[in-house]
1. Take residue 137 and residue 235, extend 7 Å from each Cα along the Cα→Cβ direction, and tell me the distance between the two endpoints in nm.
2. Once the Cβ-Cβ distance between residue 21 and residue 207 is put in as r, and R0 is 45 Å, what FRET efficiency do you end up with, to the nearest 0.05?
3. Would you mind checking the stretch 309-331 for residues with the amide N under 18 Å from a putative spin-label position 7 Å along Cα→C-beta of residue 94?
4. How long are the semi-axes of the equivalent ellipsoid of the stretch 71-205, defined as square roots of 5 times the Cα gyration tensor eigenvalues? Whole Å, largest first.
5. If I build a Gaussian network model for the chain, linking alpha-carbon pairs within less than 10 angstrom, which residue out of 142, 100, 228 has the largest mean-square fluctuation?
6. Assign one of three labels to the stretch 188-265, namely rounded, prolate or oblate, based on the Cα gyration tensor with a ≥ b ≥ c the square roots of its eigenvalues; rounded applies when a/c is under 1.5, prolate when it is not and a/b is larger than b/c, and oblate otherwise.
7. Where a ≥ b ≥ c are the square roots of the eigenvalues of the C-alpha gyration tensor, would you call the stretch 140-294 rounded, which needs a/c under 1.5, or, failing that, prolate if a/b is larger than b/c, or oblate?
8. Just the number: Rg to Rh for the chain, Cα atoms, Kirkwood Rh, two decimals.
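Read-outs throughout are calculated quantities, based only on the coordinates presented, and are distinct from any laboratory measurement. In this text, all values refer to a predicted model and were calculated from it rather than measured experimentally. Virtual Cβ from ideal backbone geometry, glycine too; neighbours counted across all protein chains shown.
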């Protein structure tokens with residue numbers, strides 16, 4: 001039976017019997033982990049194996065491990081990282097790119113050891129001066145060219161460590177004046193401005209196999225619907241940016257969206273998203289998702305198969321040497 005067009009979370013650090021039965025019945029394409037699911041390396045490794053066992057396949061397991069503010073894995077078991085923006089403060093660009101690749105190669109090593117094979121990174125949003133701080137020091141730069149260049153280094157580091165990257169938040173969250181976790185942002189600039197900055201950061205990485213939408217209204221394209229729910233904006237992601245990878249929504253439980261969870265799922269899939277992402281592990285909401293997210297077929301199934309085929313074992317790496325070089329480049333000592 002084909003996997004369902006959904007990525008789901010779970011409530012805690014152990015897979016409850018009811019969750020196991022639910023996942024075995026509904027067969028989501030993948031899973032996503034949060035801090036509530038994380039206690040120790042052995043526990044997370046066991047959990048990822050149990051999740052895959054529940055669906056009877058090597059399902060992708062995702063996490064948001066950007067480093068800095070957004071990090072689901074933290075000390076004492078995992079390394080702590082400064083905000084990524086600091087890598088580029090007054091640093092030679094070549095050295096900054098090397099440090100970026102090393103950072104995400106080391107992060108990938110930690111993830112792969114746990115059975116996590118997808119990281120929701122790089123964030124390719126170009127922050128506007130009046131943009132909300134939700135992006136802030138998570139940004140890879142302040143110009144489209146710099147963000148794309150550094151985003152490629154992130155992807156290279158993750159892939160070398162056996163972890164697939166997710167480019168986000170398509171088609172760009174940097175101009176948003178609000179945090180979409182709590183309210184719906186609106187962007188009023190012209191299409192020409194979006195093309196020259198926001199879209200431009202994504203185009204050089206449009207070949208990547210996984211991407212995530214933004215819960216942001218782009219008035220020049222669709223004044224009524226945010227990107228996740230807009231056929232017009234999804235078409236722009238496909239045609240203007242050129243992204244033909246597997247496109248997941250941002251978390252459907254975020255407050256930027258209104259309506260029931262099932263309505264949000266139906267609308268996002270109808271708009272052209274391939275997968276719905278639901279993160280909070282609330283069983284009632286996940287049941288709604290499962291009732292309206294169909295098995296993957298057609299182009300979505302093709303994109304999913306392509307993404308899964310891109311996974312591979314980590315390349316050999318001397319992590320101690322990588323850490324030493326990273327410290328030499330950045331002055332940042334890595335502590336677990």
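1. 4.2 nm
2. Numbers: r = 39 Å, r/R0 = 0.86.
About 0.70, to the nearest 0.05.
3. Answer for the stretch 309-331: 325-326, 328-330.
4. Over the Cα atoms of the stretch 71-205, the semi-axes work out to 26, 17, 14 Å.
5. Between 142, 100, 228, it is 142 that shows the largest mean-square fluctuation.
6. oblate
7. Numbers: a/c = 1.82, a/b = 1.27, b/c = 1.43.
The shape class here is oblate.
8. Details: Rg = 18.8 Å, Rh = 19.9 Å.
Ratio of gyration radius to Kirkwood radius: 0.95.
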